[in-house]
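The values are calculated or read from the model by the stated rules, or taken from the named source; none is laboratory data. Keep in mind that this is a model prediction, so the values were computed, not measured. We place every Cβ from the backbone using ideal geometry, glycine too, and count neighbours over all the protein chains shown. Only protein heavy atoms, including side chains, enter the accessible area calculation; ligands, DNA and RNA are left aside. Shrake-Rupley method; radii C 1.70, N 1.55, O 1.52, S 1.80 Å.
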Amino acid sequence: MPKSIKSRVDRDEFEGTHKSTLEKPNLNGDRLNFYLLIILYIIQGIPVGLSGALPIILQSRKMVTYEDQAAFSISLWPYSLKLLWAPIVDALYVKTIGRRKCWLVPLQFLLGILILYMANNIEDWLPESGKPNLKILIIMFFVVNIISATQDIVVDGWALTMLKKKNVGYASTCNSVGVPFGMFLGSVCFTLLVSEQFNVTHFRAAPGAGGLISMKSYLYIYGIVILVITSIVGIFKKEKDSSLEDGCININVFQNYKLLWDILKIPRIRVLAIVLMTTRIGFTATDVVSNLKLIDAGVSKENIMIVTSALYIIKLIMPIFVSKFVTGPKPMSYFLKVTPFRLLWCTTYVILVYFTPSLIRKDGLVAVPTYYYFIMASVLITNDMLNFFMLLTLFAFFCRLSDPRFGGTYMTLFNTFFYLGFLLSNTMVLKLVDFSTFRKCSTNDQNSCSTPNLKNLCSANGGSCVIYMDGYYIVVFISLIIGFIWYFVFRNIIKKYQSLSISHWMINIKRPVVQTATESCLMPA
């Protein structure tokens, strides 16, 4: 067949596939699917929230070092590594059960059982006083996040076929509402509900009464809810056969991995990978360590979480006002405009951390004035608004670069590069802060307090280990320098890349003749 005729046939087939997607979206007949997807994304978001809440709780109880925090940050790595097993999830399934359902039901049952196991042991692993069992906590949360990340792959894929073609656009709405709300339940709500100080301050409980709910009870409720919802989905929800859809490109596991390899062989993709993995280095120190330093200074974790709850509200409203910037032809132009300003805004975090002890302490006691909360909220909210705007422009950039035939694979790949860089820099920064922080005993300048034995010796002699060089300020300074270097090195590359047509990012792939039940169907984005 002549090339011109073949391209016209492919175009007609592509347009036929998308004809129904051009209809006006209408949730009539799709509302139950819409709400089910939101619930599934909420279930996915709660483990991420819990993984963010535990470091705050550990820091507030003075139980861990920054090196321990770096070790715990590894528990979130599965979300950056899920690309390694995503092609297997996409390609292998039991057709009689359903391509996505056969993965979702066992995964969520396993997640529910693990959460119940954690609930039964959390009081031993994380006692009110004494050293936590950090090793088992890291292992458990790492496993839970592997399951949650795999569930993310499954739900993202099911969303494309669960909703009618004309309503597929609502899939991103389900994700953007469900995951943040789940993170809110797992981080802010969990931290406040289990906090005795929050219960005493706001609900007039007697000291020693504990929180409004215990960690054990919270995890039991979450685990039971997962099992109940999964049972309902397993019994009542039927999955339609997506292999019957028009416009599918069926590829097996090997072809899925080969597709990823072909994408990675594009020179611009390799450069973009470096850009994405280093884009957050300049902000990581302030984003990750600053709240922990505020807790060290005496600010309660409850007040930080109350401010954080306002940030979730802003995230739900903000897209309405910035959509015209992120949906334009060059979203990264706004990303580059905001980058220097946000790097400079990091210095306000440093100033806040530096002056917090003198602002909230009086005669050695913590007494936080009202105006301090307004200052803290202003710094945190402004930083988070800038961060969220940059994320929106970045994800819009991903959409523009993705080959329409394999949009999900491209988006997963770009997100993997970005979050892998983010999590690696998190772990590295926490380790560097601990490494570059120097202490000495208040009663003996020769005692460096660098080992547990030296710390115990200092305490035995009536002294305490005090910091005389805080690694936080050193790491922030280095991060800002690297951030500005990154900006001047990559800004022209980013401007060039966003001006290129999509053909510069596409790969060629032949349709296989044989289609079997073990093949995946990549819906055109």
*Only Lys, Arg, Asp and Glu count, each charged at its Cβ (+1, +1, -1, -1), so figure out the dipole size of the range 364-465 about its Cα centre, rounded to 20 debye.*
120
*So, in Å, what gap is there between the alpha-carbon centers of the range 170-221 and the range 347-391?*
23
*asked:* Quick check for me: using +1 on Lys/Arg Cβ and -1 on Asp/Glu Cβ, what's the dipole size of the range 31-239 about its Cα centre, in debye to the nearest 20?
replied: 860
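Pairs of alpha-carbon atoms within less than 8 angstrom and 6+ residues apart define the contacts here; what relative contact order does the chain have, in percent? Each step should come with its number before you reach the end.
Working: 668 pairs, mean separation 122.1, N = 525.
Reported relative contact order: 23 percent.
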*Once the dipole of the chain is set up with Lys and Arg at +1 and Asp and Glu at -1 on Cβ about the Cα centre, which of L480, L259, L81 lies farthest towards its positive end?*
L259
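Hey, with R₀ at 60 Å, roughly what FRET efficiency would S448 and I221 work out to, going by the Cβ-Cβ distance, to 0.05? Don't jump to the answer; show the numbers that get you there.
Details: r = 47 Å, r/R0 = 0.78.
Plugging the Cβ-Cβ distance into 1/(1 + (r/R0)^6) gives 0.80.
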*Using only the alpha carbons of the range 31-239, determine the length spanned along each of the three principal axes and report them from longest to shortest in whole angstroms.*
55, 36, 27
*Among all helices in the chain defined by DSSP H, which have a length of 20 Å or more along the axis from Cα atoms plus a Kyte-Doolittle mean of at least -1.0?*
31-60, 101-125, 134-162, 170-184, 215-236, 281-297, 301-326, 331-360, 370-401, 407-435, 471-499
*Carbon and sulfur: what percent of the chain's accessible surface (1.4 Å probe)?*
66
*Would you pull out the residues with amide H under 5 Å of R361's amide H, same chain only if 5 or more places away, H placed 1.01 Å from N?*
A367
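Once you mark the GluC sites (Glu not before Pro) that are in a DSSP loop and have at most 13 other Cβ atoms within 10 Å, what is the longest gap between them in the chain? Don't skip to the end; give the middle numbers.
Numbers: sites that count: E23, E128.
Excluding the exposed sites themselves, the longest stretch runs over 129-525.
Which entries of K315/K496; K165/K265; K135/K455; K166/K265; K216/K362; K82/K216 show an alpha-carbon separation above 27 angstrom in the structure shown?
On the way: K315/K496 30 Å; K165/K265 32 Å; K135/K455 22 Å; K166/K265 34 Å; K216/K362 37 Å; K82/K216 29 Å.
Listed pairs above 27 Å: K315/K496; K165/K265; K166/K265; K216/K362; K82/K216.
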_Separation of the F254 and E123 label points, Cα + 7 Å toward Cβ, nm_ = 5.5
*Relative to a virtual label point 7 Å from the Cα of K237 in the Cα→beta-carbon direction, which members of the range 142-158 show backbone nitrogen distances below 16 Å?*
148-158
*Looking at G98, V228, T173, which one has the Cα that reaches farthest to the positive end of the dipole of the range 31-239 (charges on Cβ: Lys, Arg +1; Asp, Glu -1)?*
G98
_Most positive-pole-ward Cα, L212, I122, Y371, against dipole of the chain from beta carbon charges_ = Y371
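Explain nothing, just the number: relative contact order of the range 31-239, from Cα pairs under 8 Å at least 6 residues apart, as a whole percent. Don't jump to the answer; show the numbers that get you there.
Numbers: 253 pairs, mean separation 83.0, N = 209.
Relative contact order for the range 31-239 comes out at 40 percent.
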_Distance between modelled label sites at L81 and A205, nm, 7 Å Cα→Cβ extension_ = 3.7
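Assuming 0.36 nm per residue, please report the length gained on full extension of the stretch S499 to I485 beyond their Cα-Cα distance.
Working: separation 14, 0.36 × 14 = 5.04 nm, distance 2.26 nm.
Net length gain for the segment: 2.8 nm.
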*Determine the dipole magnitude for the chain: charges of +1 sit on the beta-carbon of Lys and Arg, -1 on that of Asp and Glu, nothing else is charged, the reference point is the Cα centre, and the result goes in debye to the nearest 20.*
1360
*Which loop trypsin sites (Lys or Arg not before Pro) in the range 50-106, with loop taken from DSSP, have no more than 11 other Cβ atoms within 10 angstrom of their Cβ?*
K62
